[in-house]
Each structure stands twice: as C-alpha cells, then as structure tokens.
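K.L.:
Here it is, the structure in full.
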2 protein chains.
Amino acid sequence: MAQKPSIPKGTRDFSPVEVSKRNYIMSIMRSHFEKFGYQPIETPTFENSETLMGKYGEEGDRLIFKILNSGEYLGDFNRLILIYLETIYLTILNELSKGIHEINTQNELLDKYVKAMLSRKFIQEIINHINKDRSEFRIYNFYSKSLIKAISNEITSIRSSEYIREEFLRQILEECEECDPRENIRVKNFVEKVAKDTYGRWFSNIEAKDLTKQISEKALRYDLTVPFARYVVQHQNEIEFPFKRYQIQPVWRADRPQKGRFREFFQCDADVVGSTSLWQEVELVQLYDSVFATLGLNGVTIKINNRKILSGIAEVIGASDKLIDFTVALDKLDKIGEEGVKKEMLEKGIAETALEKVQPLFHFSGSIEEKLDKLSAMLSSSEEGMKGIEELRFICENVMNLGLQKANLDLDVTLARGLNYYTGAIFEVSAPEGVAMGSIGGGGRYDDLTGIFDPKSKLSGVGISFGLDRIYLVLEELNLFPETVSVSTEVLFFNLGESQALEAMKAITVLRKNNIKAEMYPDAAKEDKQFKHAQRRAIPYIVKGIEGDRFSVKHLVTGEAFMVSVEDLIGRLK
Amino acid sequence: MAQKPSIPKGTRDFSPVEVSKRNYIMSIMRSHFEKFGYQPIETPTFENSETLMGKYGEEGDRLIFKILNSGEYLGDFNRLILIYLETIYLTILNELSKGIHEINTQNELLDKYVKAMLSRKFIQEIINHINKDRSEFRIYNFYSKSLIKAISNEITSIRSSEYIREEFLRQILEECEECDPRENIRVKNFVEKVAKDTYGRWFSNIEAKDLTKQISEKALRYDLTVPFARYVVQHQNEIEFPFKRYQIQPVWRADRPQKGRFREFFQCDADVVGSTSLWQEVELVQLYDSVFATLGLNGVTIKINNRKILSGIAEVIGASDKLIDFTVALDKLDKIGEEGVKKEMLEKGIAETALEKVQPLFHFSGSIEEKLDKLSAMLSSSEEGMKGIEELRFICENVMNLGLQKANLDLDVTLARGLNYYTGAIFEVSAPEGVAMGSIGGGGRYDDLTGIFDPKSKLSGVGISFGLDRIYLVLEELNLFPETVSVSTEVLFFNLGESQALEAMKAITVLRKNNIKAEMYPDAAKEDKQFKHAQRRAIPYIVKGIEGDRFSVKHLVTGEAFMVSVEDLIGRLK
C-alpha cells in the first residue's frame, strides 16, 4: 500500500509562505478590480466538452484535459471496438481501392475466416465493393486474409503499433512469396507501399475525437474567456449590461511542462462586455497601472497597439491576405534587423515598392503622438488603418490626461498577440527593464465575444489578464513582498505542563479575541524543543513562563525579555 | 457553431453576489484559522490516480473523477481490446468449467471459425483445457461457436449489453433445437443458466480498474485529507511538526447530483498533524465556536464523541465484532425508539443480558459531566472505553474552563461518523435549532494519517471541516449576511458626452485612489438608460452633472441630492 508520493508533472503544491504571497497579489488585484467596478464571478472547473472544444484551434483542442465519463462507461465499450475495427478496415479498403487498378493477381476465394472475422457490416462493404468491379474481388481477398491475421495478432498481443505494422508487413510479404512468380515483384512492391502507408497512418488517422466523445463529455477549463462568454449567454437575462466582471480561477492545459510553464495555473481576468466605448480601454490601462503601483512594481511598460492599424498597414502594402506573414516578420525587427525583415517580407510575396510605403515602421521611435502622426501619414489611404489610429489616439490621449502612477504607456506597432480574436486594441505589459521575464499581462478587444454561443448575441468585449506566476517571480526577484505577508503566528506559549497549560490557553483565548495570532505548543515537551519550534516557524514572541497573572515573554530576534499581563501583551502586539 | 450553453449537472456558476457572500464566509474562516496558528497550503486539482484510488473504499473509487491521458492515448487501445475480449472469454470458460460435468452432448468439431476468431492465446487456453479432459472438448466446442457469434454480433452492432445478452441466449437456444432430442431439455436449462449468469456479469465483472489505468493516470481531488497526507509525507523534511494547516479548495465527486449535493464543492479544513495532545481537540472546539460566533450564527451545537467509547460499549456488550451494526442501531434511537433499537440489536445477535449493561444509553440525558459519570459506571470493565471517557473529560472540562462564545457543546454517544478512519475524538456541528440543515461541520482524530503513503511515518492527526454550502444556506435563511457584503460600486458617474466624460474620469481616478469604488457609464447614452443601470446594479450614488469643480450627486434610495467637490464626496463616501 505504501507509495512514494508525488504529484503529476506540471502541477505544484503551494507551501504556507507561497500561498500567503499568492494571496497577497490576488487580494490586491481583487480590491482594484472592485474599485474599478468589476464584479467577481466563478464558473465550474469542468465544462461540457462542446463548450470548450473547437474554441482554441486544433492545438488547443489537443491541450484540453478531458474527464472520463463517470460510472459505467464500459457499456460504451462496444462502440469503441466497433469504431476502431471499422476505421482500420475502411482505411485499408480505401488504400486498396486507390491502388486496385495497378495490380491483378490470382488468389484464393474469400473463405470462412473472413466471413467469421469480418462482421456483417464489413462484409456488406466488401460486397458493395465487389459488385462494382468483379476484378477487385481477387485482390481484396488477398489482403483481407493478411488483415485478419494482423488484427488477430494485434488483439492478442500487447504490442506497440510499430510492432504490428512490421508484423503485418512481414506476413503480407510471406504470402507474396507463394504468389505467381510473374506477379511477385509487382505485388510485393505494391503491397509494401500500401501496407506501410496504411499502417503508418493507422493510429494518427483514427479520429481521436470520435473515440473521446464516447468516453468523455466533460473537460477542464482551458481559459477564463470562453467560460465567461458561455456565462454571459447563459445568464443574459439576469445580467445588467455593460457587464464588468473579474474572475480569478485556475485553468489547465496539457502542455509539455517546462520552466515557468505549468499544467495548472491561475488566470486573473477583468473584462467588460456589452459596450464599445473606448473609455473602457482607457480604464483598463489605468487598472494595470493601479495594480502594479500598489504591488510596488515601478516601471512596467503597458504596450498598446490596434489590430486595425496592422490591417491598415497590410492593406497599404497590398498584403491584406498576408496579415499574419507580415506581422510575424515585423515582430522580428529587433532580432533580425531592418534588412532581415524586408527580406522575409519580400520572400512572402510583398512587393518592394509596397515596403517603401511603410519604411517609417523600421525606425519607429518617438513619443506616442509622434508615432501616431507617422502612422497617419503612412495609412492615410486605409480607412481601417485611420480608424485604428483614431481609436489609439483617443485611448492614449485620455490615459495621459488622467495620468499614470508608475507605469509607462507605449505604442508598439509590432505588438500582435491574439490576432485570431482581437479586433481592436491589443495590450501587453512587460516587466520593468532589467527583469528578464517577458510579458506579465495582456489583453485586447474582441468585437464578437458571445457569437460562438448565440449568433444573435454579438456582444463586444474588452479585457485584460494578469500573469500571476510571472508577477510572483518578478516581485520575488525584486524583493517586493512586504515582510508581513508571510508572518503567521505572532506569539507561541510554551506548554509547561498541564497545570500551567490551562492558564496559557486562557491567555491565548483572550489574545485571539483581540485578533492576535497566538498558539500554545501542544505537548509539554522539553523547553529546548519548544524553543526550536518557535525558531523554525519564525514566530517572533515566545511566552516561556507564567507567574500569577503575568507572563514571561521573550522576543526571539532582539532577545528582549519582559514580564507582562495579558492586557499589556495585547497592547504590545496589536 | 451556435450552441445552447449549459454547464455539467452538479456544477454551478456563481454570480457576483454569490461570490461575494462565499468569500465573506471563507475570509472569516481564513482569519480565524490563522489566528489559531493554522497555515494555508494548496495542492493540485488533480493527483496521480494511485494517490487517490483505494483510499475512499470501493464506492469512493467509483466516485472519483478520472482525467483522460492527454495526447495519443490511442496507442494503448490494443491493450483495451485484448483485456476486454480476454475477460469475456475467461469468464465464460470459467462458467463452463464449473458446469462441464453436468452435461455431455454431441457436437461438431472446433472449426475454422473458432481458430480464426480466437487468438493463439485463447486457443492455447482451450487446448490446455481439452488436454485435461477430452470429454470437455465437445461441450466447449458447442459454446465457443455461440460465443463467436455473440462476440461477432457485439462488435458489429452498437447494442446495449442487455441486448447482447438476450441475443446470445437466443442463439444458444436455437442451436439447442438442433441437438440430440434426448439431451435437449437438459442442455437448454444448463445453457440458459450459464448464459444468463455469465452475460449478466459481463460488464460488472470486467475490472474497470484495468481498463481505466490504460487511459487515465490522473484524477480530480476527492477530499482534502488524502492530498494533505500526501503533502505531509512528500514534504516531511521541509515541514516543522506539529504542523497546523488549513486548506480551502474545491473537491469533486461523481455523486448523483441532488438538492444541496454537488459534484463540485469547496471543503474548508483545519488539521494538525504530528502530536497526540488533546489540547488540539480543545482548540478545535474553540475554533468552531469562534468562526460561527463571528458569522453571527448563535446556538450551533458542537457534538462530540469518541470512537474508544463506542468500542468500549461494543466490548462491554460482547459485540466488539459488531461495532458498526451496534452503532447503526443506536443511531436510530430518536427514530425507532428504545424498543426498536433493542429489537434490531437482538436481531444482529447481541445478547439480551448484554443490553442490560448499556440500558442507560437509552435514556442518555443530563450535563456532559453526568453523561461521563454514567458512561464510567457502564464501561468500567473496558480499558478502551475508560480511555475514551478520560479523553472526552479532558476535552470537555477544558473547553468549559476556557468558555465558549456562542456555541453549545454536547456529548452525543450516538455520533458515529467516519468510523473507518477516526480513532479518537469525533466531532459534528449541527445548525441552530429550527434550521432544517443537518450537520454544518465535522471532524475527528485519526491516529495514522500518513501511513498510507509511508509506513514509517505514522503521524497522528486531528482536524475539522466546515460545510461551506450549508453554512451559506443557513446564513441566507437566517438573514445573517451583512448588507455590505455584496455592495459593489458606490458611485456611478453618468457619461454626459465626451467633453464632460474626461472630467468625470478625473474625479473617478481621485476617488479610486481613496479606495472608493467608482465608475463611469461607458457610453454617452440617454440619461434614463444610465439611471436604470445604476438602479439595476443597486449603486447607491449617481453623479448626473458637473459644474466647474462641483458634482451634482443623488442618493438613489433616499432621494437626497447635493452639489459637492470631489474632496467632499470622498469625505462622505469613506
């Protein structure tokens, strides 16, 4: 029964100190979210699979953790076997039908083996096939025998798919040896090809989705945005719009774990849905500034861009269909330089003359106002681009008018996150200079947040997210956690035997009523042991003696020692 | 793409008001836990399956939510098919071997069908079988044909197991018709029995565990105690013992959802591990009292018992092996009365003379002290029982000496929760009289918390749990949530067009810096619409006009209206 205990890779235990520090960050976020009018919601850990699947692209679908249907899912097992065998069969049949005219060889009749092995449905497929062209019959028969053997081996040996493929191949080739020698080489080559191709794709071809649906109908939350959209549509009659919500909950991704990337991590999101007002973008920049200022994190840079500007640039250079290629190249400016970027753009089919039009992008510096002016000159022919400039100007001017506490605002035309869904503003926050930590937050506007769940409900949303884990690491690196964050018990009463223990507990009861964190060492252990316990837990005060109604107190760091009444102790510790 | 959105049964969305109320309860718990010296830890949402499986009994294992292995789990699919077919086969073979001497009938030889269908391994089994007794060959052959047909039907039709059973039965009986008439009836009866028995157990017999392991290696946390034990063993070198931890996290159970029972719910646990001191039991009673007093929940009853007393009683009545039967019967005292309980005990084999010894239990009233005295008289011959009394006396006397704020303490000898793991004190808290809500908390001591993960580390633990959902319902029913809990935004500035919006946002920025929850309606909508928004969100103050540096404020409930500067507004709202 004994097991060496461990936790799944990519997950973490959090110690008391870590929990306290994380709660410190989250409680600051929470208080600012609420000060800005955002209200908390929480959604279930798992959603119906159809709520999540297909919302994050193919890669996302793969990274979603699926939950096995509970209880008796074995009843569905027949279906799985069917799907499995059928898929194998149909895949091979398909391959054969492709190659059927390439080869024709004599072979035995379809015998009882096949009838027994292949189900009625399979046989029906074969008969349909045969009826189309009698000449296919022979070649089919040949393969079906090998197929039977292979399947039969497969289900009876616990083997890797690699092994099965090789085994199948071997068997087919053996049978070939018995063929008419004139056909031998031709058959051999063809069979080898079909078998390799087919079996090589067996496992990748079988639609994991089909199988998964049979045994799993629920999946762990992958982000907070899709559940939020689902929440908004499901509860639209109870919600007063515009709806400003925040949500701080864990999400799960079956990503390969690596340094700083976990399979379970918290997201901290604030979004508004149901209004297109740009004041919300203004406010979200203020919210970032406000949270980071309170965390003592000075000098973060809130980078802003607008998808419409990126579209405008693409339009101006005649590459509206190459928006992604273009932004991917532009994004490499600080790595591969102007010439490198231009080279890549040319390779992607963007004309040299077009590139001249966006020449200023390669030396894009100055104040936000100067950058906006440069963009205006560049994008004057693009309606969408000019709209993007207008939006950015409104946001930046108003942010500046209202003033930021500690953060810098910067316009970054290379910023291109979330192009699959963001339609307006794009935000990203980078840690203060000198801290190697990439982005610690990001967000943007998506014009149609809820359409995936209700085509009639095309609500515009805009939101930002805070990267809890990275913020934690930055605060740790810069030593910005207040010392008080992880202070737990303030005073430990020694247990000096049962007669004094009750007196100690009486005092502790009073202290606790006065909101002082106090406790007694539970056992009447040796004084030294109790002393070490206080030290190891970094409890500042110990009470190591009681005389009448006075307590002998010592501060473990300063060494200061004194006798006080409970009331005086309260005064000192409060 | 559009879907009617919903959430899985047994899960919940929490609205802003609900989140606020839940956070209110949890933050009170948290602050008291910390005042009592308990430190927070958090463990991952999913654990390795082997950490959880087998720790909660058979029923528990079934109710644990399993997570599908991510990525390419199809590679393991062969194994599943093998296990499945093999189990079916072996089950039937087993049934046949039991009945083999009962019947003997003529039948055809094992034909190619069987060879093709049954794998080498199966055939080897058959041959082994045949070698033992040639006469079995015939009967085996008879069944294997039917078996083949049945399996073949099964894997080719998407059918329920019920259907398959019937179909198999039908086929066997058809074959019987062709048998030697002299054998017909005998065969028919036997076959019917075997088929029914065997197929009826098909699906329940297949070890779900074996299949599940292949496709799932992780499972959702089922409670907080087992992960805590795992945490303690895994981190034992970093932990300073005795270790007082609290943990507030959701758990998941695939229970049938019903009123008040959810598949996702929070547990709020405080436990100490690494000391057997009874002061901890004392403290935990105080902790319950302290939390419920702060929540304003007066008159809860903290019921206490001790497993050793239950064992002592069972020992005294000579039914140490009937501890569960005995406590189950005793627990029904208030439902079926003294005579009913006695009758049930007699039925369970407890002697009438024995019952006389525990006669006082049936009229068990009075103060805790009186009850302890009665128990002492009753259990004087049981060492374990007397130990339990001593423990209870220590706990209750000290709790009384220290005093409780609002809760009642009661000794309840019928209290018998968690007998599978609790070894000492047992706690349960019931809601105030008049509130129909069962227990709102429970706990106890378990002498060996960590042995399941490390036999060398047999640490004693004692802990309590708070039932968040039920406490929520009780506070709601008794109207005990403070009104301020769900107050969100305090003042809404109307958006009176872009020229004034900036002024409004300037004022809001100042208010927020002074920790006042303020916001502006994002769009310059009609005044009426903005007004309704404030009303629907229950925002008390609106600012509906700006004149110079003064704001026209109105209180939506009292109707009071006034003009103030930002500074005065701060003073009023702080």
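K.L.:
Kindly write out, for the range A:346-361 in residue order, the coupling ³J(HN,Hα) from the Karplus curve 6.51 cos²θ - 1.76 cosθ + 1.60 (θ = phi - 60°), rounded to whole Hz, with x marking Gly and Pro.
P.N.:
4, 4, 7, x, 8, 5, 4, 4, 5, 4, 4, 5, 10, 3, x, 4
K.L.:
Something else about it: Please average, across the residues of B:8-20, the number of beta carbons from any other chain that are within 10 Å of each residue's own beta carbon, and give a whole number. Walk me through the numbers on the way to the answer.
P.N.:
On the way: counts 11, 2, 1, 7, 3, 9, 7, 9, 11, 2, 3, 8, 3.
Across the residues of B:8-20, the mean count of other-chain Cβ atoms within 10 Å is 6.
K.L.:
Evaluate peptide B:43-52: per residue, the Cβ atoms of other protein chains within 10 Å of its Cβ; return the mean as an integer. Intermediate values should be presented prior to the final figure.
P.N.:
Working: counts 5, 12, 10, 9, 5, 7, 1, 3, 5, 0.
Average neighbour count from other chains, rounded to a whole number: 6.
K.L.:
Looking at the square roots a ≥ b ≥ c of the eigenvalues of the Cα gyration tensor of the range B:359-488, which shape do they give, rounded for a/c under 1.5, prolate if a/b is larger than b/c, or oblate? Display every interim value, and only then the final one.
P.N.:
Numbers: a/c = 2.34, a/b = 1.37, b/c = 1.71.
Oblate.
K.L.:
Under a crude label model (7 Å from the Cα following the beta-carbon direction), how far is B:Lys332 from A:Asn408 in nanometres?
P.N.:
Inter-label distance under the simple model: 7.8 nm.
K.L.:
Ok, one more. Can you find, among B:Gly274, B:Ala314, B:Gly260, the residue sitting farthest towards the positive end of the charge dipole of the range B:258-332, where Lys and Arg contribute +1 and Asp and Glu -1 at Cβ?
P.N.:
Of the options given, the answer is B:Gly260.
K.L.:
Beyond 23 Å between alpha-carbons counts as too far, so tell me which of A:Lys371/B:Lys506; B:Lys348/B:Lys374; A:Lys308/A:Lys357; B:Lys55/B:Lys218; A:Lys506/A:Lys554; B:Lys259/B:Lys308 fall in that bin. Intermediate results must be reported in sequence, preceding the final value.
P.N.:
Values: A:Lys371/B:Lys506 26 Å; B:Lys348/B:Lys374 25 Å; A:Lys308/A:Lys357 17 Å; B:Lys55/B:Lys218 15 Å; A:Lys506/A:Lys554 19 Å; B:Lys259/B:Lys308 35 Å.
Where the Cα-Cα span goes over 23 Å, the pairs concerned are A:Lys371/B:Lys506; B:Lys348/B:Lys374; B:Lys259/B:Lys308.
K.L.:
Taking B:Pro540 in one copy and the same position in all the others, each labelled 7 Å out along Cα→Cβ, what are the pairwise distances from the first, in nm, shortest first?
P.N.:
3.5
K.L.:
Tally Lys/Arg at +1 and Asp/Glu at -1 over every other residue whose Cβ is under 15 Å from the Cβ of A:Ile570; what's the total? Let's see the in-between values first.
P.N.:
Values: positive: A:Lys506, A:Arg512, A:Lys513, A:Lys517, A:Arg550, A:Arg572, A:Lys574, B:Lys35; negative: A:Glu490, A:Asp549, A:Glu567, A:Asp568.
Charge balance near A:Ile570 sits at +4.
K.L.:
Give the average, rounded to an integer, of partner chain Cβ atoms located within 10 angstrom of each Cβ in B:287-293. Walk me through the numbers on the way to the answer.
P.N.:
Values: counts 1, 0, 0, 3, 0, 0, 1.
Counting other chains' Cβ atoms within 10 Å and averaging over B:287-293 gives 1.
K.L.:
Compute the FRET efficiency between B:Asn401 and B:Thr353 as 1/(1 + (r/R0)^6), taking r as their Cβ-Cβ distance and R0 = 51 Å, and round to the nearest 0.05.
P.N.:
Values: r = 40 Å, r/R0 = 0.78.
Calculated transfer efficiency: 0.80.
K.L.:
Under 12 Å from the Cβ of B:Thr301, count the other residues' Cβ atoms, weight Lys and Arg +1, Asp and Glu -1, and hand me the total.
P.N.:
On the way: positive: B:Lys303, B:Lys406; negative: B:Asp289, B:Asp410, B:Asp412, B:Glu428, B:Glu433.
Local charge sum for B:Thr301: -3.
K.L.:
Between copies, how far apart are the A:Glu352 label points? List them in nm, one decimal, shortest first, with each point 7 Å from Cα toward Cβ, please?
P.N.:
11.5
K.L.:
Shifting gears a bit: Quick one: order B:Thr327, B:Thr353, A:Thr294 by neighbouring beta-carbon count within 10 Å, fewest to most.
P.N.:
Values: B:Thr327 21, B:Thr353 9, A:Thr294 14.
So the residues, fewest neighbours to most, are B:Thr353, A:Thr294, B:Thr327.
K.L.:
According to the square roots a ≥ b ≥ c of the eigenvalues of the Cα gyration tensor, what is the shape class of the range A:348-416, taking rounded for a/c under 1.5, prolate for a/b larger than b/c otherwise, and oblate for the remainder?
P.N.:
Values: a/c = 2.64, a/b = 1.92, b/c = 1.38.
Cα axes put the range A:348-416 in the prolate bin.
K.L.:
Give the relative contact order (percent, whole number) for the range A:238-378; include only Cα pairs under 8 Å separated by 6+ residues.
P.N.:
14 percent
K.L.:
Put a label point 7 Å from Cα along the Cβ direction on A:Gly340, then list its distances to the equivalent points in the other copies in nm, shortest first.
P.N.:
In nanometres, ordered from closest: 8.3.
Readers should treat all values here as calculations from the given coordinates under stated rules, not as data from a laboratory. A quick note: this is a predicted structure, and the numbers were derived from the prediction, not measured. Neighbour counts run over all protein chains shown; Cβ positions are idealised from the backbone, glycine included.
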